[in-house]
2 protein chains.
Amino acid sequence: MKLKNSISKSILLLLLMVISVSCNKTIQNTNNGIKNEGIHPNLILTFQGVKNIRAQLGTIPVFDNTLKAVQEEIDAEIALGIETPIPKDYSGGYTHVRHKRNMIVLQKAGVLYQILNDEKYAKYAKDMLMQYEEMYKTLPLHPKTRSYARGKLFWQCLNDSNWLVYVSQAYDCIYNYLSEEERNKLETNLFKPFADHISIDNPQFYQRVHNHSTWGNAAVGMIGLVMNDQELIDRALYGIKDLKLDAKEKDDDGGFLNKDGKAGFLANIEEPFSPDGYYNEGPYYQRYAMYPFLVFAEGLHNVKPELKIFEYKKGVLLKSINALLNLSDADGDFFPLNDGQKGMSYYNDALVTAVDISYHFGKQDAGLLTIAEKQNKVLLDDSGLAVAVGIKNGKAEPFYKKSINLSDGPEGKQGGVAILRNQDMELVFKYASQGSSHGHYDKLSYSVYEKGDEVLQDYGLARFVNIEQKGGGNYLKENKTWAKQTIAHNTVTQNETSHYNGKYEIGSQNHPDLHYFSSANKNVQVSSAKVSNTYPGTDMQRTVAIIKDEDFEKPYVLDIMKVVSNKANQYDFPYYFLGQVLNTNFEYTHPKTLKPLGTKNGYQHLYLEGTGKSNKDNTKFSWLNKGKFYSLTTISDAKDEIFFTRIGANDPEFNLRREAAIMLRRKNIKNTIFVSAIEAHGSYSPVSESAVNSKSSIKELKMVLDTADYTAISITTIKGTTKLFITANTNASKEAKHTLKINNKRYTWVGSYDYK
Amino acid sequence: MKLKNSISKSILLLLLMVISVSCNKTIQNTNNGIKNEGIHPNLILTFQGVKNIRAQLGTIPVFDNTLKAVQEEIDAEIALGIETPIPKDYSGGYTHVRHKRNMIVLQKAGVLYQILNDEKYAKYAKDMLMQYEEMYKTLPLHPKTRSYARGKLFWQCLNDSNWLVYVSQAYDCIYNYLSEEERNKLETNLFKPFADHISIDNPQFYQRVHNHSTWGNAAVGMIGLVMNDQELIDRALYGIKDLKLDAKEKDDDGGFLNKDGKAGFLANIEEPFSPDGYYNEGPYYQRYAMYPFLVFAEGLHNVKPELKIFEYKKGVLLKSINALLNLSDADGDFFPLNDGQKGMSYYNDALVTAVDISYHFGKQDAGLLTIAEKQNKVLLDDSGLAVAVGIKNGKAEPFYKKSINLSDGPEGKQGGVAILRNQDMELVFKYASQGSSHGHYDKLSYSVYEKGDEVLQDYGLARFVNIEQKGGGNYLKENKTWAKQTIAHNTVTQNETSHYNGKYEIGSQNHPDLHYFSSANKNVQVSSAKVSNTYPGTDMQRTVAIIKDEDFEKPYVLDIMKVVSNKANQYDFPYYFLGQVLNTNFEYTHPKTLKPLGTKNGYQHLYLEGTGKSNKDNTKFSWLNKGKFYSLTTISDAKDEIFFTRIGANDPEFNLRREAAIMLRRKNIKNTIFVSAIEAHGSYSPVSESAVNSKSSIKELKMVLDTADYTAISITTIKGTTKLFITANTNASKEAKHTLKINNKRYTWVGSYDYK
C-alpha cells in the first residue's frame, strides 16, 4: 500500500508539473532581441527553436502530422534520385517543373535534417546543391526569350528568385554540416553569382516596386543573411546602390519599370501596402508576394533584430495578413480583384506561412488558430510550433469576418476596398487605385457572394496558371482584351470605352475616393465612393448597402450608381450573374444568330443573346444558381434597353468562360442614376424537388428624390411595407445632422445615411 | 453492503437481459404470414410493429433522431394551424404546395400518434381530414385544364393519387381513434369518391401501364386495404373491371394510353420491370414510381400475405431496388437516362423507403445499412426499426457498386443498360428499349463519369421540376425539341434525323440487343450491343470498354462504333464534354457570328462555335473540368469534319444549359467506324497552382482490322508500348474460340474479346 501510495504521489506530482509547464509556457519568439549572426540555423529555424521543437515532438499533433507528411514526401524524392536538367522549358514544361520542385524539396530536406537530426537529409541537400553548383557555373541565359528579365534556371528571373528564397533556407539548415571548403565552393560558384544575376544583371527586374522585385530582394537578402554578406543584405534592403533606371520603360505586363526610382525590400513594403495592410495589386498577388515578405522578415527578425522589421511602417506586414484573410469569401477563397485566379485561397502554403507568422510574431489571435486547423498544416519552425501548441491547448476560436474598409495607397489616400458583410451575404466594393500592372479598369465595381458562392461575379484573370497547353501557363491575350476591360465588370462603361481609356499611365495617376463607410448598424452596412476622370467630364458616385430587413428572408443589396457628365453619352451597366435565367418582367427578342456586341474594349468578346425594352417602372429579372434563387429589381423607364450578353465572341481558342450578363443601356443622356436591389432568396433541392421562396419580396423600387446633396430610394415589399433609404451625397460625416422634406414629410437623422 | 450488492446483482441481471434480448432478436417482419385484416394499424405500421418500436425507443439512434425530427416538424405544423385552400394552382403554386405538404403532414402525424401514443397528433389528423371531407364533397374538377386527367385537389389525377397514398396511411393510423360515425363520414364523402375519381372517372389515367397508373393503383389499393373494401383492392390489383380503352390514344407526353389493354398494380409490376429489376422509363422515374410500388406492396404483405407480393415475378420488386442503387454514380446521383433531372439521388425520401424495405423484407444486405447511414434517416415503421437496429449493432458494410448489366423489357429481351466500372471511372452504356413516354431517341449512347463528376454527359431532361417560373414546373417544349433528340446524346445521328425518325410508335416497337457483356477480367470491362431500324437500312454496333492498363494513370475508355448502311449517309458523332477546352492537334476556324447548325431534330438548338478538318490519323482534343484533365483521341482521316458546338440556339427563354460538344461529321459514306479513346488523367489545383500529368498517354490509336467478324484496334502509348484490343462482332460467346491472323501474327483467345 505504501508503495502504491508513493507511486500515486509521484504521478500526481508529475501531472502537476506537466500542467504547470503547459500553462506557464506561452510560446514566444525564442530569439527575441538576440542576434543570431554566425550561429546556424538562424534564418527561419533558429538554434534555440530547433531545441524547443525537438523537445516537444510527438506531443503536438498538427506539427507532428505536418512533419510526417513532409518526411514521407522527401523520403520518396530521395528514393527517386536527384535530377537537375539543363533548363529549356516555359512554365508547366518538364525542366521548369523539376527545378521548381527541387527548390521545395531542398528547403524541406534542410528542415528535416535540423528537426530529425538525420544526416541523410543533409547529404541529399548537399549532393543536389553540388549538382547545381556544377551546372550553374557555366550556365548561359535560359533559352526562352519571352521575359523582360530572363533567368538561368527558369525563363524569368522571377522564378530564379523563387528558387533562391527557398534554397537559402536549405543552405542555412545544412550550413554547419558542410565543410568550409564546400561552403566556399557553393557561395563562390552558385549563390553569389546567382544573387548577382537576379539583381545587378537585371536591374529592370530587381530595382523597382513590384511583386517581382520583392521576390528578388528577399532572395538576395536571405542568401546574404546566411552568408553573412552585408553588401547583399544592403542590396536587398535598399536596392542596387547608386543605380537609376529610365522612368518611362515598361515591363511585359505594361507596368512602369521604375517610375520614381524607389527600390529595395523596405521600399517594397512602403509603397504597395496601405496603412490598413491592403496590397495594391489585390489579394491574389498579395498571396504571391506574401511569402517573400514574411519569410525574409522572419529571417531579418532573427538575424538583424535591431531592424525591428515587424514594426516597420506601424507593423504593416502583420496588418496585411489580417487584411488578406478578410479579402476571402466564406470558403476562404480570395476575391479575384484585378488579375486573380479563382479558387486561390487561404489553403495556399503562402497562407500557412502568413497565419503562423502572424500568430507567433503578432498578438496570438485565437481566430488564426481556427484557420490553421482548417489548413491542417503548420510551418516546421518556431512559429508553426507556437500554432501547433496553441491548437493542442484548445485555444482556437472562430475567425469572424466582419464588414471592413481597407484603404489603398502608401498613405491610405488612394481609394480602397470595402467589404460589406451580413449573415451569408458579402459585397466586395472596389474603389481602389490602379493596382500596378495587374490592375483592371473597373472603378466602383463590385461583386456579390452568398456563403462563398458567387452571385454577381468579378471575372478574374484570363489565364490558366501553370497549364502549359494554355499559352505556356502565362497570361493569355484575352486578359488584356477582355478581363482588364471595364465592360468585363459590374460597373458603368461610357461610350463603349474603358475607364481611363484603358491606359495604364492615366489609370495609375488617378483613383476613386471614399465618400463614407458605415458598419455601425449591424442591420445596415453601407459604403459610398466617388470617382472623377475615368472619363473626362464625367463624375460617378456609387453607394452600396447590404440591408437586413424583417420583410426579407435574407439581407438584400441596394445599389445606387449616380453619373453626372457635361455631355450626352451612352452608359452600359452589366450584372454578371451566374446560373440559369428564370424569368423577366419584360419582353425581349432572341436573335437567330449571335453577333459580337462591339468591336473593341472587351465588347468584341460579348455575344448579344437577347434584346429587350423595359415597359414598367421596375425591370425585374430572376435566376437560379446552385440551388438558390436571386432577383434583380432595377428602376427603369421605357427608353432603357436591356441586353442579355454572353462571353465568348472572338475567342478562337476557347480561353474565356461562356458566362452571361444582363446589361442596361442608356443612350444619349448626360446625367443618370442606376438604382437596383439584388435579393438572394429561398432554395431549390433537386433531391426533394422542392422550391422554397422562389420569388422576389420587392413590389416596387422608387426614386423619391435625387439632388446634388441627397438620393432617396423607397423600397416597397409585397407585404406592403415601405422603407426609405436616403444617402447623403455631399456632407456625409458620422456627425452630420440632416433635415430633409420629401413629399411634405420631414426626415431628420444624424450620419451618412438614413434607413427607416 | 448487502443492499448495494443486491442492487449490483439486479443491474447485472438487467444488463444480461438487455444483451440477450438485443443479441437474439433479429428483426423480422413481425407479421409474417399473419393476416391483419380488421386490426389497425395494419398497412405500413402494424399492431405488433408498434409494440416493438415503443419498446426500443431511445436505444436506436437513427430511428430516434428521425422520430425527433419528424416530431419537431409536425409540432411546428400544428402550431401554424390547418389550411386546406380551395385548389387553383399548377405545380409550385400556393394551393398545390399546400395540399402536397398536407399529405405528408397527415401521414407523419398518424405515425407519431401510433409511436408516441399522444392524442394531439390523432386529433390534428382527424381535424384536417374532416376539413378535407367538408371541402371534397362539393369540390368540382380542378380549374386548370392542362392535364389529360384532371384531379380535384390538384391539376392532375397523378397528384391526387400521391395524396391518397399518403393519406390512407394516416387514416390507418388513426382508424381506431375515430368513432364509427366519423369513419363512415370520411369513407363515404372523401375516400370512396376520391378513389373513384382517380380510377373510374379517369380510366385514361388509371387503366394503363405507366408510372402515373402505379400511383393511381396504389392509392386505390391502400385506401381499400384500410377500408377493407375488396372491390377497391381488386380494382387496384387488376384494374377497372371489364373496361377497355382505345389503344391508339396518347397522353400529354406522347405515350400510348393503353396499347394492349393491360392495367392494375400487378400488370404495372409485370410490364415495366425487367427480370433484373430495370424499370423501363429509367432511374429517375423508377425513383418516382418506387414509393407507391413499395409502400403498397408493404401494405399488401401485411394485410394480404397470401398474395406473396414480394415474391411476385421472382421477387422483382426487391431486385429493382438493387438495380436502382446501381444506377447511381459515386455520389449517389442517378444517371439521367431518358427524362431524368440531374441531382436526384438516393438521398431522396423514396429511396429511404426503398433501402429500408429492401433490407427488412429482403436478405438484410449489410451494404444497404451504409446507404441508410448516409441517408441518416429511416422509415418510422418495422423496416426502419430493423435498419436502425442493424446500424446500431455495427452491421453496416460498404455498398460496392461493380460493373453490372441490366436487361430491359418484361422478359429481359428488349436491350438493357450496361454500367462499366473500374476504380473511379464509370461508363453508362444505354442500349435499352424506348422507355415509355419518357424515353429518349438515343440508342447505343453512353455517358462517362469520374468519381461522381460527369466527363461526357447525358443532357437529361429540359425541365425545372416544381419551379413555377419555368413553365409551371412542367416539361418545357425544349424537352421534345432538344433533350429527347438523338443529336443531344453521345451517339450517331444519321442525316440530321433522330433515331426512329423521332417517332414514339416506331421507337416503342424496336430496341437494340445485347451482343455481349463481360466483366470477368477486373482490368477489362466490356459491353457490346447492336441495333437495326434506328434508320431503315442502317445497322449500328457499339463496343465500349473501360480498361485498366499499367501504362495509364487511370482506367481509360475505348469506344468502337461501327455503322453499316445500304446507302451513303451523313453521320454525326458528338461528345458532350463538360469544362474548358485546353487544346487540339488540328486547326479550326472560329466564326464571327454564331449560327444554328440546323433547322430541326435538335440541330436548331446547337450553335456552331468552330469548324476544323483533321490533318492527322488521330484527332486529339483535351479539356479540363473540376480540376481534372481529359483527352479524347479518335481515329480520323482528312475528310472528317470536326465541329465545336454549343447548346442554346433557338432557346428564347434560356431553358437550356449553354454546354458544349466536339462533333465528328462524316459525309456521303455508307459504312464507317468511329474509334475513340477517352482518358482521364492528372489534376489541377488552383490553390497550389500545380498541373499534374496534364497530357494524354496515347501516342497512336490505329485500326488494324475491321471485318464483319472482328474489329481490332491497337493502342500505342507515349512510352512506346502497344496493346491490341480485338472484339468479336459475330460469335462472341464466352466459350467461343478464336484464331485470327493480323499482319502475319496469329492471335488466339477464348471469349468475346481479346486484349493484350
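What follows draws every value from the coordinates through simple rules; no lab data is involved. If you're wondering where the values come from, they're calculated on a predicted model, not measured in any experiment. When we count neighbours, we look across all protein chains shown, and the Cβ atoms used for this are built from the backbone with ideal geometry, even at glycine.
The C-alpha atoms of chain A define a longest principal axis, and helix A:119-136 lies at about 70 degrees to it.
With a sphere of radius 15 Å drawn around the Cβ of B:Thr84, what net charge do the other residues whose Cβ falls strictly inside it have (Lys, Arg +1; Asp, Glu -1)?
Net of charged neighbours comes to 0.
Scaled against 2.2 N^0.38 Å for its residue count N, the alpha carbon radius of gyration of chain A is 1.04. Across the cross-link table entries B:Lys152/B:Lys241; A:Lys522/A:Lys554; B:Lys554/B:Lys628, which are compared at the Cα atoms, the separations over 20 Å belong to B:Lys152/B:Lys241. What is the angle, in °, between the Cα long axis of helix A:94-116 and the longest principal axis of the Cα atoms in chain A? Nearest 10 is fine, range 0 to 90. Roughly 60 degrees between the two axes. With its label point defined 7 Å out from Cα along the Cα-to-Cβ axis, B:Tyr400 lies at 5.1 nm from the matching points of the other copies, in increasing order. About its Cα centre, the stretch A:491-605 has a charge dipole of approximately 340 debye under the convention of +1 per Lys or Arg Cβ and -1 per Asp or Glu Cβ, with nothing else charged. Annotation: the residues A:Asp424, A:Asp246, A:Asp458, sorted from fewest to most other C-beta atoms within 10 Å of their own C-beta, follow the order A:Asp246, A:Asp424, A:Asp458. Counted by neighbouring Cβ atoms within 10 Å, the residues B:Thr645, B:Thr481 run from fewest to most as B:Thr481, B:Thr645.
Using 1/(1 + (r/R0)^6) with R0 = 22 angstrom and r between the beta carbons of B:Glu550 and B:Lys401, what's the FRET efficiency to the nearest 0.05? The pair B:Glu550/B:Lys401 has a calculated efficiency of 0.35.
Taking square-rooted eigenvalues a ≥ b ≥ c of the alpha carbon gyration tensor, is the stretch A:618-686 rounded, prolate or oblate, where a/c under 1.5 means rounded and, failing that, a/b exceeding b/c means prolate? The shape class here is oblate. Using Cβ point charges alone (K and R +1, D and E -1), the dipole size of chain A about the Cα centre works out to roughly 1820 debye. Taking a straight line from the alpha carbon of A:Lys702, these aspartates and glutamates sit under 20 Å away, with near neighbours fewer than eight places off in the same chain left out: A:Asp549, A:Glu550, A:Asp551, A:Asp559, A:Asp617, A:Asp637, A:Asp640, A:Glu641, A:Glu679, A:Asp754. Ordering B:Gly435, B:Ser407, B:Gln423 by the projection of their Cα atoms onto the charge dipole of the stretch B:359-436, which places +1 on the Cβ of Lys and Arg and -1 on the Cβ of Asp and Glu, puts B:Gln423 at the extreme positive end. Convex hull of alpha carbon positions in the stretch B:82-271: directionally averaged projected area 10.5 nm².
Between A:Ala520 and B:Arg101, how high is the FRET efficiency from 1/(1 + (r/R0)^6) when r is the Cβ-Cβ distance and R₀ = 41 Å? Nearest 0.05. According to the calculation, E is roughly 0.50. When the charge dipole of the protein assembly as shown is built from unit charges on Cβ atoms (+1 for Lys and Arg, -1 for Asp and Glu) and taken about the Cα centre, the candidate among B:Leu476, B:Ile200, A:Asn650 whose Cα reaches farthest toward its positive end is A:Asn650.
Exceedance of the 30 Å cut-off in Cα-Cα distance is limited, within the set B:Lys108/B:Lys313; B:Lys51/B:Lys304; A:Lys667/A:Lys699, to B:Lys108/B:Lys313.
Once the Cβ-Cβ distance between A:Lys480 and B:Ser685 is put in as r, and R0 is 30 Å, what FRET efficiency do you end up with, to the nearest 0.05? Don't skip to the end; give the middle numbers.
Details: r = 26 Å, r/R0 = 0.87.
Working from the Cβ atoms, E equals 0.70.
Normalising the average separation of contacting C-alpha pairs (under 8 angstrom, six or more residues apart) by the number of residues puts the relative contact order of chain B at 8 percent. What separates the B:Thr145 label point from its copies, with the point 7 Å along Cα to Cβ, is 7.8 nm, written shortest first. Which of the residue pairs A:Lys123/B:Lys695; A:Lys616/B:Lys600; A:Lys719/B:Lys470 have a Cα-Cα distance greater than 27 Å in the structure shown? Over 27 Å Cα-Cα: A:Lys123/B:Lys695; A:Lys616/B:Lys600. In nanometres and ascending order, the distances from the B:Ala330 label point to those of the other copies are 2.6 (point 7 Å from Cα along Cα→Cβ). Measuring from centroid to centroid over Cα atoms, what is the spacing of the stretch A:336-402 and the stretch B:537-593 in Å? Cα centroid to Cα centroid, the span is 47 Å. Taking the charge dipole of the stretch A:82-271 about its Cα centre, with +1 at Lys and Arg Cβ atoms and -1 at Asp and Glu Cβ atoms, the residue from A:Ala267, A:Gly151, A:Val226 reaching farthest to the positive side is A:Gly151. Using the alpha-carbon atoms, what tilt in degrees (0 to 90, nearest 10) does helix A:211-227 show relative to the longest principal axis of chain A? Long axis of A:211-227 versus the principal axis of chain A: about 20 degrees. For B:Lys192, the aspartates and glutamates whose Cα comes closer than 16 Å to its Cα, not counting residues fewer than 8 places off in the same chain, are B:Glu133, B:Glu134, B:Asp160, B:Asp172, B:Glu180, B:Glu181, B:Glu182, B:Asp201, B:Asp229, B:Glu231, B:Asp234. The Cα atoms of the stretch A:639-756 give a gyration tensor whose axes a ≥ b ≥ c have a/c of 1.5 or more with a/b no greater than b/c, which makes the shape oblate. A simple charge model with +1 on the Cβ of Lys and Arg, -1 on the Cβ of Asp and Glu and nothing else charged puts the dipole of the stretch B:82-271 at about 540 debye relative to its Cα centre.
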